[in-house]
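Encoded as structure tokens, the structure appears first; notes follow it.
The values are calculated or read from the model by the stated rules, or taken from the named source; none is laboratory data. In this text the structure is predicted, and so the values were computed from the model without any measurement. All Cβ positions, even for glycine, are placed from backbone atoms using ideal geometry, and neighbour counts span all protein chains on display. Ligands, DNA and RNA are excluded from the accessible area calculation, which covers all protein heavy atoms including side chains. Shrake-Rupley method; radii C 1.70, N 1.55, O 1.52, S 1.80 Å.
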Amino acid sequence: MSASQSWYHAPEPATPGDPDSTPEKGDLNTILFVFSAFQYVFMGVVFAIGPPYRQRAIRNYAFVLVTASLLAFELGVLLGPLPGLRSLFGLVKVQVGWRFVVFGMAVANFVMCYFGERVVFPLVAAPAAKMCRLARLVFTGRLSEIARRNSTKGLIDAVDTDTELSGARIKP
């Protein structure tokens, strides 16, 4: 995607004459660094919301302060890194339009991860856990025994309610 952009310049090899040597600086390295840094911060927000891991953001001032500081730093690196900061991290200047594209991709990634964590994955977790328990019984050869013992129930319900199965019960 980036190689087709007007601002893209193919990187020159780090070692002249060796086309396989990787350059330290380049457009792709800069974009990858900035995007992955945003991902780390956003994933911290997605996975640290609510109990049992963290307090609500309203009460967890340290978490909010650190997250806001990291986001401000990342925005500074993306939108206008100082020359000293660019040389420290090995970054190059990227066109302003592409900077906003990278930020938009990072925000879209955050929205999808947040939606997945809050909506999609909870819906998928209970059926997936049932299927895993069922597969474990099939592979251990205990499925017919449980089906015989609970003949009045459906197979999935029998697997869910059998008292000999170990592990946490997941409510559907």
Query raised in the report: Quick one: would you say SER69 is closer than 25 Å to ASN109 by Cβ, in a helix (DSSP H, G or I) and either open to solvent by less than 80 Å² (accessible area, probe 1.4 Å) or at pLDDT below 70 (or both)?
Result: yes
Query raised in the report: Among the residues of the range 100-121, which ones are without any contact (Cβ under 8 Å) to a residue 24 or more places away in the chain and open to solvent by less than 50 Å² (accessible area, probe 1.4 Å)?
Result: GLY104, ALA108, GLY116
Requested in this report: Being of a type in the set (S, T, N, Q) and closer than 25 Å to PHE89 by Cα is the filter here, so list the residues in the range 58-75 that pass it.
Outcome: THR67, SER69
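This table checks each residue for (1) farther than 19 Å from LEU79 by Cβ; (2) among the aliphatic types (A, V, I, L, M); (3) modelled with pLDDT of 80 or more; (4) not in a loop (DSSP other than H, G, I, E, B).
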site	(1), (2), (3), (4)
TRP7	no, no, no, no
PRO11	yes, no, no, no
ALA14	yes, yes, no, no
PRO19	yes, no, no, no
GLU24	yes, no, no, no
ILE31	no, yes, yes, yes
ALA37	no, yes, yes, yes
MET43	yes, yes, yes, yes
Query raised in the report: Somewhere in the range 79-88, is a residue in a helix (DSSP H, G or I), surrounded by 12 or more Cβ atoms within 10 Å (Cβ to Cβ) and in contact with a helix residue (DSSP H, G or I) (Cβ under 7 Å, 6 or more places away or on another chain)?
Result: yes
